[in-house]
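Engineer: Encoded as structure tokens, here's the structure I'll be asking about.
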Amino acid sequence: INMGAYLGIPIALKNGSRFGTLCAANSQAHPFDSKSVELLQKLAKMFAYYLELEHLAYRDSLTGIANRQQLLKFFDDAPYEYGTMLLMDLDNFKKVNDTYGHDVGNLVLQEFSQKLDDFAKQTKYGYPIRLGGDEFVVMLPLCNDIQLVNEMTQQLLDSLKTWNTPIGEIQLTASVGGILYKKDKSTPIKNLLKQADLALYEAKRTG
């Protein structure tokens, strides 16, 4: 590509990370005047502002992972036709809040979110979601290998035996309910969540 003139303005987010670059190019040699540079800078700031708003809308403010709205949006938009949904919560989490306070409880939720993120990344498209409180979902699109999911889940449960967050003698485990799904218009995400919730209840009932 013949390029006679090029101007690039970085798109920087509030946390200091760089999303990309907003570019202007011309096949002919052409100097960009100060007004052109200023206009491109304003467009880059507007785009960064839009990305921040999208992040606030679809990310959990405490843990940084996806929230319920992102789950609903992604499931409607994503092309993945089948997969596994895991619904889980932390056992004895209320005891952490009651004993050590909500600040330590928040640290536990952040650490658990990181464990879930590591867990989900074992599959190509997996991602975790915080529904609220200590209730989380892990979506594993295009993954319906029950044996693999069981092995991964056991590894996750084993990882809960150790915590960097100071929780003393409190034993934190998780209950997990899982379902296999096929995406179609007759099975909205809310129905899948209800099915997974029933599986989670059964897991708690049987210990």
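Engineer: Just to verify a result, which residue in the stretch 152-190, among those that are modelled with pLDDT under 90 and assigned to a helix (DSSP H, G or I), is least open to solvent (accessible area, probe 1.4 Å)?
Structural biologist: I189
Engineer: Does the stretch 179-186 contain any residue that is polar (S, T, N, Q) and either within 23 Å of the chain's Cα centre (by Cα) or over 28 Å from Q69 (Cβ atoms) (or both)?
Structural biologist: no
Engineer: Search the stretch 47-88 for residues being in contact with a Leu (Cβ under 7 Å, 6 or more places away or on another chain) and charged (D, E, K, R), and hand back the single one that is modelled with the highest pLDDT.
Structural biologist: R68
Engineer: Quick check on my filter: what residues within the stretch 25-48 are open to solvent by 80 Å² or more (accessible area, probe 1.4 Å) and either among the polar types (S, T, N, Q) or not in a helix (DSSP H, G or I) (or both)?
Structural biologist: Hits for the stretch 25-48 are Q28, A29, H30, P31, D33, S34, Q41.
The values are calculated or read from the model by the stated rules, or taken from the named source; none is laboratory data. Just so we're clear, the structure is a prediction, and the values are computed from it rather than from any experiment. Cβ atoms come from the backbone with ideal geometry, glycine included; neighbour counts cover every protein chain shown. Quick note on the areas: whole protein, heavy atoms, side chains included, nothing else; ligands and nucleic acids left out. Shrake-Rupley method; radii C 1.70, N 1.55, O 1.52, S 1.80 Å.
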